[in-house]
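Quick notes on the structure that follows.
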Amino acid sequence: MDKVAYKISDECLACGSCMEACPNDAISEGDIYKIDPDKCAECGACVDACPTGAIIEE
């Protein structure tokens, strides 16, 4: 199975929902949050938690 890579688009509100949902601490803060692909387990918890749908597959 191919690895799913997620990224956070410009729709990000920097609300922190994705960071709270991530079990691997793969998301870092900023004006637009970033996902560390080395820490990401592709579980989709951040996608489900994002209220704006800003987390998309790369």
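Laboratory data are not the source of any read-out in this text; all were calculated from the coordinates shown. Model, not experiment: these values are computed from the prediction. We place every Cβ from the backbone using ideal geometry, glycine too, and count neighbours over all the protein chains shown.
Below are the figures for this structure:
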item: Close pairs (8 angstrom Cβ cut-off, 6 or more residues apart or separate chains): under 11 Å from G53 (Cα atoms) in the range 1-20, part of a loop (DSSP other than H, G, I, E, B) and among the small types (G, A, S) anywhere; result: I8/A54; S9/A54; D10/A54; E11/G53; E11/A54; C12/A54; L13/A54
item: Among (1) touching a Lys or Arg at 6+ places or on another chain (Cβ under 7 Å); (2) in contact (Cβ under 8 Å) with a residue 40 or more places away in the chain; (3) surrounded by 13 or more Cβ atoms within 10 Å (Cβ to Cβ), the one test that E58 misses; result: (3)
item: Qualifying positions in the range 26-40 - of a type in the set (A, V, I, L, M, F, W, C) and within 10 Å of Y6 (Cα to Cα); result: I35, C40
item: Every residue from the range 26-40 that is more than 13 Å from A14 (Cβ to Cβ) and either touching a Cys at 6+ places or on another chain (Cβ under 9 Å) or of a type in the set (D, E) (or both); result: A26, I35, D36, D38, K39, C40
item: Filtered residue count, the range 12-31, keeping only those that are surrounded by 11 or more Cβ atoms within 10 Å (Cβ to Cβ) and in a loop (DSSP other than H, G, I, E, B); result: 8
